[in-house]
Amino acid sequence: MTEQAITLVIGGARSGKSSFAERLAEDSGKKLYYIATAEAHDAEMAARIADHQKRREDRWITIQEPLDLARVVSETAATDRVILVDCLTLWLSNIMCRDGDVQAYCEGLLAALKNIKGPVIFVANEVGLGIVPENKMARDFRDDAGRLNQAVARLAHDVHFMAAGLSLCMKRDGNPQQ
């Protein structure tokens, strides 16, 4: 992992994305920072968050940020640290649920990433592999998530696709894999 490397770990729900991303970060040997975008709006989500926190224990410094990801990533990034952002998809959902300007938020994050001062690993869901949603908000969410994932993948040094707990390297050292 280079000093300014961006890594994207993408896949479906319960594909092993977060665990894989955590191992990548831990293998870097750098100080571990976790930027959590999830919010516990119900008991099931609270249990998911608790599971993630338990797995990380006290080795990680956790920053909760549901919206202002560009600022927090920029302020936290440093060459002696690795940042794991989990996850872009929940961040996008947070923006949409607050009627935020999705394009402005995404553009702000992408601009910040072009000047990042240390490695960042992003976790994101691939939501475009299923059926076409029946309502406009769900279709907008799917489309916005797909555009965001593509944009981050373009900037990324490495991209890994997760399925069934297995990783497929799609891009390494800035080069798409065949």
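The values are calculated or read from the model by the stated rules, or taken from the named source; none is laboratory data. Keep in mind that this is a model prediction, so the values were computed, not measured. When we count neighbours, we look across all protein chains shown, and the Cβ atoms used for this are built from the backbone with ideal geometry, even at glycine.
Kindly evaluate D140 against the criterion of being in contact with a helix residue (DSSP H, G or I) (Cβ under 6 Å, 6 or more places away or on another chain), at negative phi and of a type in the set (D, E, K, R).
On the way: in contact with a helix residue (DSSP H, G or I) (Cβ under 6 Å, 6 or more places away or on another chain): no; at negative phi: yes; of a type in the set (D, E, K, R): yes.
Answer is no for this residue.
Given the options I83, I35, I95, name the one that is closer than 21 Å to D140 by Cβ and modelled with pLDDT of 95 or more. It would help to see each step written out before you state the result.
Working: I83 fails: closer than 21 Å to D140 by Cβ; I35 fails: closer than 21 Å to D140 by Cβ.
Only one candidate qualifies: I95.
So how many residues does region 124-178 have that are acidic (D, E), exposed (fewer than 13 other Cβ atoms within 10 Å of the Cβ) and either closer than 25 Å to A25 by Cα or within 14 Å of the chain's Cα centre (by Cα) (or both)?
1
So in region 43-80, with the set limited to residues that are polar (S, T, N, Q) and at pLDDT 95 or above, which one is farthest from L32 (Cα to Cα)?
Here is the first cut: in region 43-80, the ones polar (S, T, N, Q) are 53, 62, 64, 74, 76, 79.
Next, from what is left, pick out any that are at pLDDT 95 or above: 74, 76, 79.
Values: S74: 15, T76: 11, T79: 12 Å.
Per the stated criteria, the residue is S74.
Condition first: without any contact (Cβ under 8 Å) to a residue 24 or more places away in the chain and among the small types (G, A, S). Now tell me which residues in region 12-36 satisfy that.
Result: G29, single match.
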